[in-house]
Amino acid sequence: DSGVTQTPKHLITATGQRVTLRCSPRSGDLSVYWYQQSLDQGLQFLIQYYNGEERAKGNILERFSAQQFPDLHSELNLSSLELGDSALYFCASSVAGGLVNEQFFGPGTRLTVL
Amino acid sequence: QQPVQSPQAVILREGEDAVINCSSSKALYSVHWYRQKHGEAPVFLMILLKGGEQKGHEKISASFNEKKQQSSLYLTASQLSYSGTYFCGTARSIDKVIFGPGTSLSVIP
């Protein structure tokens with residue numbers, strides 16, 4: 001158990017819908033990262049927050065947005081969902097920046113878009 | 001810019017050694033290694049920093065050639081528990097770690 005929690009574990013929805021994925025980092029960690037992993041694919045970095053502020057951005061679609069709240073939990077919002085958005089979404093946290101600190105990954109949220 | 005990993009996949013017998021390589025075309029500040037078992041989340045193995053500092057597991061070794069922007073992960077005397085997909089992540093600027101496509105490692109009895 002990494003100490004990072006993600007809810008829900010599974011999510012099944014239809015195309016065009018909007019969903020919110022939630023992540024609670026390890027106690028004391030200030031950074032939260034979001035990754036997308038499609039079937040048998042690598043980890044695609046989406047976005048990172050540090051202490052409430054956006055710190056780094058990856059290949060995140062305009063239909064996707066995220067935020068980190070004062071209690072440090074983070075939410076990833078996915079809208080106008082398409083079939084290709086079906087994937088495993090991981091949240092990770094680290095004590096500070098990711099340049100020199102290990103990331104602890106949550107169990108992931110599996111999103112299925114029908 | 002996603003790092004390149006090689007090989008794409010490797011099958012070993014217990015006790016054999018393996019090397020997984022990771023390279024980037026850009027100057028790197030750090031290289032990160034993670035292992036992901038099927039159906040599970042990635043787990044941290046090691047970070048190699050520019051300048052030679054390493055942070056990670058004692059039983060796994062790795063190297064980072066700063067001049068060539070290459071890193072290698074050395075798995076010696078492999079065990080069944082080593083099976084999984086190994087990802088290298090490279091960092092050039094603050095906080096952004098970009099992961100490679102992964103190397104699938106299977107250890108058989």
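The values are calculated or read from the model by the stated rules, or taken from the named source; none is laboratory data. Owing to the predicted nature of the structure, the values given are computational and were not obtained by experimental measurement. All Cβ positions, glycine included, derive from the backbone under ideal geometry; neighbour counts span all protein chains shown. The area values use the complete protein model at the heavy-atom level, side chains included, leaving out ligands, DNA and RNA. Shrake-Rupley method; radii C 1.70, N 1.55, O 1.52, S 1.80 Å.
Out of everything in the range A:92-114 that is of a type in the set (A, V, I, L, M, F, W, C) and away from chain B (no Cβ under 14 Å), what residue ends up being farthest from A:GLN41 (Cα to Cα)? So that I can check it myself, show each step before the final result.
Our first condition is that a residue be of a type in the set (A, V, I, L, M, F, W, C); within the range A:92-114, this holds for A:92, A:95-96, A:99-100, A:104-105, A:111, A:113-114.
Now narrow it down to the ones that are away from chain B (no Cβ under 14 Å): A:111, A:113-114.
Values: A:LEU111: 15, A:VAL113: 17, A:LEU114: 20 Å.
Restricting to residues being of a type in the set (A, V, I, L, M, F, W, C) and away from chain B (no Cβ under 14 Å), the top hit is A:LEU114.
If you scan the range A:5-20, which residues turn out to be within 14 Å of chain B (Cβ to nearest Cβ) and closer than 15 Å to A:ALA66 by Cβ?
Applying the first criterion (within 14 Å of chain B (Cβ to nearest Cβ)) to the range A:5-20 yields A:5-6, A:9-10.
Correct list: A:GLN6 only.
A:GLU54 passes every criterion in (1) part of a loop (DSSP other than H, G, I, E, B); (2) within 11 Å of another protein chain (Cβ to nearest Cβ); (3) open to solvent by 20 Å² or more (accessible area, probe 1.4 Å) apart from (1).
Which ones in the range A:92-114 are over 14 Å from the mean Cα position of the chain (by Cα) and farther than 19 Å from A:LYS9 by Cα? Correct list: A:VAL95, A:ALA96, A:GLY97, A:GLY98, A:LEU99, A:VAL100, A:ASN101, A:GLU102.
Looking at the range B:58-71, can you tell me whether even one residue there is open to solvent by 70 Å² or more (accessible area, probe 1.4 Å) and within 30 Å of A:ARG110 (Cα to Cα)?
no
Each row is one residue, and each column tells you yes or no for (1) within 11 Å of chain A (Cβ to nearest Cβ); (2) assigned to a strand (DSSP E or B).
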{"position": "B:VAL10", "(1), (2)": "no, yes"}
{"position": "B:GLY15", "(1), (2)": "no, no"}
{"position": "B:TYR34", "(1), (2)": "yes, yes"}
{"position": "B:HIS38", "(1), (2)": "yes, no"}
{"position": "B:MET46", "(1), (2)": "yes, yes"}
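Out of A:TYR49, A:TYR33, A:TYR89, which single residue is more than 9 Å from chain B (Cβ to nearest Cβ), closer than 21 Å to B:SER93 by Cβ and within 12 Å of the chain's Cα centre (by Cα)?
Values: A:TYR33 fails: more than 9 Å from chain B (Cβ to nearest Cβ); A:TYR89 fails: closer than 21 Å to B:SER93 by Cβ.
The match here is A:TYR49.
Do we find a residue being farther than 18 Å from B:ASP17 by Cβ and either touching a His at 6+ places or on another chain (Cβ under 7 Å) or in contact (Cβ under 8 Å) with a residue 12 or more places away in the chain (or both) anywhere in the range B:71-84? Steps first, please.
Step one: list which residues in the range B:71-84 are farther than 18 Å from B:ASP17 by Cβ, which gives none.
Taking every residue of the range B:71-84 in turn, none turns out to be farther than 18 Å from B:ASP17 by Cβ and either touching a His at 6+ places or on another chain (Cβ under 7 Å) or in contact (Cβ under 8 Å) with a residue 12 or more places away in the chain (or both).
Taking the range B:83-106 as the range and being part of a strand (DSSP E or B), more than 14 Å from A:TYR35 (Cα to Cα) and facing chain A (nearest Cβ under 7 Å) as the test, only B:ALA91 passes.
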